[in-house]
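Notes follow the structure.
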Amino acid sequence: MNYELKTITWALLIIAIVLEVSGTVAMKLSDGFTKFIPIVIMLTFYALGLSLLAFTLKVIDISIAYAVWSGLGTVLITIIGIVWFKEPATVTKIISIALIVVGVVGLNLDHNG
């Protein structure tokens, strides 16, 4: 496969993840769908993120793309929850996040090996 195409596709997947995480933060900021601007931002970011994810599936296997999408999205939103929203950083939470990262890396190693 063309190295440049693969690199661009992975970059698009990372952008899709950032958009999805941003949409999730906007959902939190919408205060239960009571604030209009965060709702619009959420819907826009989700639509853009899902669209980019769909494009990446033309190049990256769905099992890998979705694992990276959901795994890294979960890790990022957990970090944001802890840092920005002052959610508790429990040992169980930290270990669970580490296991998600190990799982995503493992899937990529297996796929590339």
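Derivation of every value follows stated rules applied to the coordinates shown; laboratory data play no part. Only a predicted model underlies this, so the values are computations on that prediction, with no experimental measurement involved. Positions of Cβ are backbone-derived with ideal geometry, glycine not excepted, and every protein chain shown enters the neighbour counts.
For this structure, a couple of remarks:
- Nearest-0.05 FRET efficiency for S70 and I95, computed from C-beta distance (R0 22 Å): 0.75
- Diffusion constant of the chain at 20 °C, which comes from Stokes-Einstein with the Kirkwood Cα-pair radius and 1.002 mPa s, µm²/s: 142
- Span from the the range 1-32 Cα centroid across to the the range 54-113 one, whole angstrom: 12
- Relative exposure of L19, L48, L5, judged by other C-beta atoms within 10 Å (fewest first): L5, L48, L19
- Lysine pairs in the chain with Cα atoms under 28 Å, if 8 or more residues apart or on separate chains: 4
- Between helix 91-112 and the chain there is an angle of about 30 degrees, using the helix long axis and the longest principal axis of the Cα atoms.
- Inter-probe distance in nm under a simple model that places probes 7 Å from Cα toward Cβ, at W10 and D31: 4.2
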